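Presented below is the structure to which this report refers.
What follows draws every value from the coordinates through simple rules; no lab data is involved. Nothing here was measured: the structure is a model prediction, and the numbers come from that model. Using ideal geometry, Cβ is built from the backbone for each residue, glycine included, and neighbour counts are taken over all protein chains shown.
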Amino acid sequence: MAYKIPLFDLNFDKEEENAIIDTLRSKWISIGPKCEEFENKFAEALVIKYSLATANCTVALHLAVKLIGIEPDDEVIVPSLTFAATVNCVTYAGGIPVFADIKGLNDLTISPEDIRDKITSKTRAIIVMHYGGFACDMDSIMKIAKEFNLYVIEDACHAPLSQYKGKKLGTIGDIGCFSFFSNKNMSTGEGGMLVTNNENYYKRAKLLRSHGMTSMSYQRATGHATKYDVVEIGYNYRIDDIRASIGLAQLKKLPEDLNKRAVIRKRYLEGLKSLKKIILPFENNTEFVSNYIMPIILVDSDEEKREQVRDKLHLAGIQSSMHYPAAHLYSSYEKKLDELPVTEYVSNCEITLPMFSKLTLDQTDYIISELKNILK
C-alpha cells in the first residue's frame, strides 16, 4: 500500500540530479576524481586524517577486520542488536563472533560490562555499533580495549556527524565504518566509507579495495603508463564516481538534515513522554546525534503484541519497522549457550517510527496521536 506517512524518504532534489549529470558528462564514471573529492570532504567533516570510499559499509567492515589482522579462531566481541554485516565481517576472516548484550531498555548500545565478561585469551577486538546514531560508552570501551590490548572497530553506519564528548563517532576507535545505503542519513544507493588516523591502515585498505593493484585505471588513463603490480591479493570493493558525486551533494546537505531530525525527535519526545506503555530509548541524551531512526520499546510486551501495534499503525497509514532481529538467534549463528535477555526483549518489543528530515510536525503529531489511541 501507499502509506500516508512512510518510514523514510530520500532527501534528494536537483542537486543530486545535477551531480550525476555532471559526472556523466565528464566521461569518467568509475572510481576517479569525484571519489577522491568525496573522501577528502568526508575526512574534513569528521576531523580525521584518512577516509576511503567503498562499495558499501559491509566491505568497509571486512577491510577493517582484515587490517587489524583477525585470523581463523580469533574471537571478536560484537553486539547482537545490529544489522548482520556487523557480525558477518568477522566470519569472513574466519574469526568467531562473540555476542554481547546491550546496556538496557533506555540505552540500546553494547554493554561494556558484558564486553568485559566475554573476554577470553582468544579475544582480539571489539566491534561496537552506535545504535540509531547514539554513542556507545566509548570511554569505558576504550579503557577495556587498552587494558586487554584489543582493537576497536566502530560500526558508525547510523552515525554520520554524531558526537561523543566533542569527538565524531567513527574517529574514536582504530577504524570507523559508515554506510550510505538508500535509507541512511546520507544515501548514494549503495556505498560506504572507512576512516582512520592510522596511515598504514589507510594505505593497505586502499590496496585491498582494488585487487592489491599499485595503480588505478584513472591514474593510468591520465598518462601513458600501463604497467602495475599486484602486491597483495585484494578485492573489488570500489565505489564509482557517479555514487561519489551523489555523496558530495548529500554531505553538503547533511548538517541541515540532521538539525531538522533533531526538531522532529524533540516533538516525538514531548508528545510521547506521558505514555506509560512505552520506553523512549536515549531520552536523556545530550550529545549531537544523527537520529537515523526513532525507536520506542513497548513495556510488558512480546513479539505478538508488538506486531498487533504495528498492524494498527499500518491501518492508520503509518509505516513502521523494527531494528533489529537478534543476530545471535539467526540460523547461521544460533548458539544455545548465548543468553542476551535485554537484546532479545528489545528485538521482540521495539518499534521504529518514521524519521526523516522532510517529516512535518503535523505528520509527527498525527503519528503520536494514533499511537496514543492504539495503546489506550
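Quick look at the numbers
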item: Proximal charge balance of residue 366 [Cβ under 15 Å; K/R count +1, D/E count -1]; result: +1
item: The chain, relative contact order in percent, only Cα pairs under 8 angstrom and at least six apart counted; result: 23 percent
item: Exposure proxy ranking, count of Cβ atoms within 10 Å, fewest first, for 174, 13; result: 13, 174
item: Estimated [θ] at 222 nm from DSSP helical runs (n ≥ 4, -39500 (n - 2.57)) normalised by residues in the chain, nearest 500; result: -12500 deg cm²/dmol
item: Distant-in-sequence amide H partners of residue 151 (H built 1.01 Å from N, under 5 Å); result: 125, 126
item: Positive-pole candidate from 357, 121, 177, dipole of the chain, charges at beta carbon; result: 357
item: Helix 57-67 vs. the chain, principal-axis angle (Cα, 0 to 90°, nearest 10); result: 60 degrees
item: Of 72, 26, 85, farthest towards positive along the dipole that unit charges on Lys, Arg, Asp, Glu beta carbons give the chain; result: 26
item: Relative contact order of the range 255-374, pairs being alpha-carbon contacts under 8 Å that are 6 or more residues apart, as %; result: 38 percent
item: Cβ-based exposure ranking for 328, 211, in which fewest neighbours within 10 Å come first; result: 211, 328
item: Selected from 288, 12, 180 as most flexible by GNM, with the chain as the system and alpha-carbon contacts under 10 Å; result: 12
item: Only Lys, Arg (+1) and Asp, Glu (-1) charged, at Cβ; the range 255-374 dipole about Cα centre in debye; result: 360 debye
item: For the chain, projected area of the alpha-carbon convex hull averaged over all directions, nm²; result: 19.3 nm²
item: Cα gyration tensor, the range 255-374 - rounded (a/c under 1.5), prolate or oblate; result: prolate
item: Dipole of the range 255-374, positive end: most advanced residue of 279, 371, 297 [Cβ charges, Cα centre]; result: 371
item: Dipole in debye (nearest 20) - the range 1-117, about Cα centre, beta carbon charges: Lys, Arg +1; Asp, Glu -1; result: 420 debye
item: Cα centre as origin, Lys/Arg/Asp/Glu Cβ charges: the chain dipole, Debye; result: 800 debye
item: Distant-in-sequence amide H partners of residue 162 (H built 1.01 Å from N, under 5 Å); result: 169, 290
